[in-house]
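The values are calculated or read from the model by the stated rules, or taken from the named source; none is laboratory data. Since this is a predicted model, take the numbers as computed values, not measurements. Don't worry about glycine lacking a Cβ; one is built from the backbone with ideal geometry, like all the others, and counts go over all protein chains shown.
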């Protein structure tokens, strides 16, 4: 199916979903990566704080860091080619890179109140 490698800026843990103030973008992105993996995509995620050697594996990652410094992170490679820099892409974009459609279920909204005085 393909491979996606995510090169994250320095985070407090492997996903950045920890600590007292969690960035909602990281929560959504982690869920989207889990979904992508469940669809058969090979996934590798590297954190600059814990795995700096991974950032030297590809010349294009080293060059992006040299030019844009940490601002180029997160950087995503699909099958060894840069597909995104400096932002976390949405699930629909991730899906499109692998020829899939985003079949995310819509978030249910509560039914309107039907009894007087309950709202």
Among (1) touching a strand residue (DSSP E or B) at 6+ places or on another chain (Cβ under 9 Å); (2) under 16 Å from residue 96 (Cα atoms); (3) loosely packed, with under 12 Cβ neighbours inside 10 Å; (4) at pLDDT 90 or above, the one test that residue 52 misses: (2)
Single residue of the stretch 59-79 satisfying the filter (touching a residue at least 40 places away in the same chain (Cβ under 8 Å) and over 15 Å from the mean Cα position of the chain (by Cα)) that is farthest from residue 99 (Cα to Cα): 70
Any hit, the stretch 23-32, residues being exposed (fewer than 13 other Cβ atoms within 10 Å of the Cβ), over 11 Å from the mean Cα position of the chain (by Cα) and assigned to a helix (DSSP H, G or I): yes
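Is one or more of the residues making up the stretch 104-111 under 19 Å from the mean Cα position of the chain (by Cα), assigned to a loop (DSSP other than H, G, I, E, B) and at pLDDT below 95?
Yes, because at least one residue in the stretch 104-111 is under 19 Å from the mean Cα position of the chain (by Cα), assigned to a loop (DSSP other than H, G, I, E, B) and at pLDDT below 95.
Determine which member of the set 97, 35 is touching a residue at least 24 places away in the same chain (Cβ under 8 Å), in contact with a helix residue (DSSP H, G or I) (Cβ under 7 Å, 6 or more places away or on another chain) and more than 15 Å from residue 8 (Cα to Cα).
The unique qualifying residue is 35.
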Lone unmet requirement of (1) in contact (Cβ under 8 Å) with a residue 12 or more places away in the chain; (2) in a helix (DSSP H, G or I) for residue 49: (2)
Selected residue (criterion: surrounded by the most Cβ atoms within 10 Å (Cβ to Cβ)) from residues of the stretch 66-94 that are in a helix (DSSP H, G or I) and touching a helix residue (DSSP H, G or I) at 6+ places or on another chain (Cβ under 6 Å): 94
Total residues in the stretch 60-82, condition in contact with a strand residue (DSSP E or B) (Cβ under 9 Å, 6 or more places away or on another chain) and under 24 Å from residue 36 (Cα atoms): 12
